[in-house]
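Remarks on the structure that follows.
The values are calculated or read from the model by the stated rules, or taken from the named source; none is laboratory data. Here the structure is a predicted model, which means the values were calculated and not measured. Note that each Cβ is placed from the backbone with ideal geometry, even for glycine, and that neighbours are counted across all protein chains shown. The accessibility values were calculated without ligands, DNA or RNA, using every heavy atom of the protein model including side chains. Shrake-Rupley method; radii C 1.70, N 1.55, O 1.52, S 1.80 Å.
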Amino acid sequence: MSHVDSGRITELALAAAPAVGTEAAHLAHCARCRADLAAARRVVRAARAVPQPDRAPHPHSRRPPARLWRAIEAAARAAAPPDA
């Protein structure tokens, strides 16, 4: 088996799915892949340890204020042709 793909290393670090079969056997014998997995797990642990208020919000996690929607609607109406 070739080395474990970096995307799969990330999945393993996130505990999305455990290594099984030839993948588990490869990790047991390949120092490079074990080191990559250990490093990814450290990153995941560090990220999960950050207190929730300190995490940057997802840009779409909050709705814009109602006043913004009203301003957009007013601007669209002002720009629309009279018969629209």
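Couple of notes before you dig in:
- Scan of region 57-84 for residues that are under 30 Å from residue 10 (Cβ atoms) and either open to solvent by less than 90 Å² (accessible area, probe 1.4 Å) or at pLDDT 75 or above (or both), ordered by number: 61
- Residue count for region 13-45, restricted to those that are open to solvent by 60 Å² or more (accessible area, probe 1.4 Å) and farther than 13 Å from residue 3 by Cβ: 10
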